[in-house]
1. Only one residue in ALA158, ALA172, ALA123 is closer than 25 Å to HIS97 by Cβ, within 16 Å of ligand 1 (Cβ to nearest atom) and not β-branched (Val, Ile, Thr). Which one?
2. Quick check on this structure: which one of SER42, SER61, SER47 is hydroxyl-bearing (Ser, Thr, Tyr), within 16 Å of ligand 2 (Cβ to nearest atom), surrounded by fewer than 15 Cβ atoms within 10 Å (Cβ to Cβ) and at pLDDT 90 or above?
3. Mind listing whichever residues of the stretch 29-88 are more than 20 Å from ALA208 (Cα to Cα), touching a residue at least 40 places away in the same chain (Cβ under 8 Å), touching a Pro at 6+ places or on another chain (Cβ under 9 Å) and within 16 Å of ligand 1 (Cβ to nearest atom)?
4. Return the residues of the stretch 224-245 that are within 23 Å of the chain's Cα centre (by Cα) and either surrounded by fewer than 17 Cβ atoms within 10 Å (Cβ to Cβ) or of a type in the set (A, V, I, L, M) (or both); say none if nothing qualifies.
5. Look at ASP31 and say whether it is of a type outside the set (Gly, Ala, Ser), surrounded by fewer than 18 Cβ atoms within 10 Å (Cβ to Cβ) and over 29 Å from GLN147 (Cβ atoms).
Amino acid sequence: MSSGTPLVVLDHVNKHFGDLHVLKDIDLTVDSGEVLVVIGPSGSGKSTLCRTINRLETFESGSITIDGRPLPEEGKELARLRADVGMVFQSFNLFAHKTILENVTLGPIKVRGQKKEAAEKRALELLERVGVAHQRDKYPAQLSGGQQQRVAIARSLAMDPKVMLFDEPTSALDPEMITEVLDVMTDLAKSGMTMIVVTHEMGFARKAADRVVFMSDGQIVEQAEPEKFFTDPQSSRAKDFLGKILTH
Ligand SMILES: Nc1ncnc2c1ncn2[C@@H]1O[C@H](COP(=O)(O)OP(=O)(O)OP(=O)(O)O)[C@@H](O)[C@H]1O
Ligand SMILES: [Mg+2]
């Protein structure tokens, strides 16, 4: 549920890749506690939007603030931002040569300066919450994709992020594993986490999102509550897009 307090604010953000204008004057405010689903055709700029918010990409004009502070350029401040903004990608990006438990404790120990015992205690709570605590001593390759993705979520949460970004977190998973990851995300949404989620999973959007943002060609074309967006899209681009994904 949105609190009405802005947490992530994009103001006239423009980004190019060479000649390609990939984010066109993006204005977007995500309130603390709000769950935003970003949807749109391939190449519309959804991943770039997430990566720009996490400062994995630079941008040329406009501003982005998180909790009132502009995105830092580099150094310590940037490390703190990365901790404040959790990100879960399509590929799970776990450290292959570290155990599940180590994957989750590494950031809190190195970046947040936590003691090993405290970090492990918290990591186990989080692994419990996402249903993989019994796998704590295994290596990522020994887990299913759905389990690895839930570890990736726990690992982000261990940093106590202010906002969590998800970029198509279930699109590399087999159908039976999608639900278990979406269930974890739905619980997280209900717990009050601020979330920006790129996904075409309409069930999740309907259940968990406060707002759906539809992007096309680098622009935010339309935004609405999920029910309204899915049943009564306004723009022809959104109608086209929904027509395509709904007939799958
Ligand atoms: N590093 C890059 N260098 C050059 N062009 C890029 C780069 N990353 C993305 N692009 C281009 O920017 C546009 C937006 O890409 P982006 O990955 O943000 O789209 P998307 O909406 O996430 O698409 P998809 O649904 O396929 O994941 C695309 O035209 C893409 O080819
Ligand atoms: Mg993408």
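1. Residue meeting the stated conditions: ALA172.
2. Step by step, each of SER42, SER61, SER47 is checked, and only SER42 is hydroxyl-bearing (Ser, Thr, Tyr), within 16 Å of ligand 2 (Cβ to nearest atom), surrounded by fewer than 15 Cβ atoms within 10 Å (Cβ to Cβ) and at pLDDT 90 or above.
3. ILE64
4. ALA224, GLU225, GLU227, LYS228, ALA238, LEU242, ILE245
5. Details: of a type outside the set (Gly, Ala, Ser): yes; surrounded by fewer than 18 Cβ atoms within 10 Å (Cβ to Cβ): no; over 29 Å from GLN147 (Cβ atoms): yes.
Answer is no for this residue.
Conditions tested, residue by residue: (1) farther than 21 Å from ALA83 by Cβ; (2) over 20 Å from the mean Cα position of the chain (by Cα).
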residue: LYS110; (1), (2): no, yes
residue: LYS115; (1), (2): no, yes
residue: ALA119; (1), (2): no, yes
residue: GLY131; (1), (2): yes, no
residue: ARG136; (1), (2): yes, yes
residue: GLY145; (1), (2): yes, no
residue: VAL151; (1), (2): no, no
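The values are calculated or read from the model by the stated rules, or taken from the named source; none is laboratory data. What you see is a predicted model, and the numbers here were worked out from it, not measured in a lab. Note: ideal-geometry Cβ built from the backbone for every residue, glycine included; neighbour counts use all protein chains shown.
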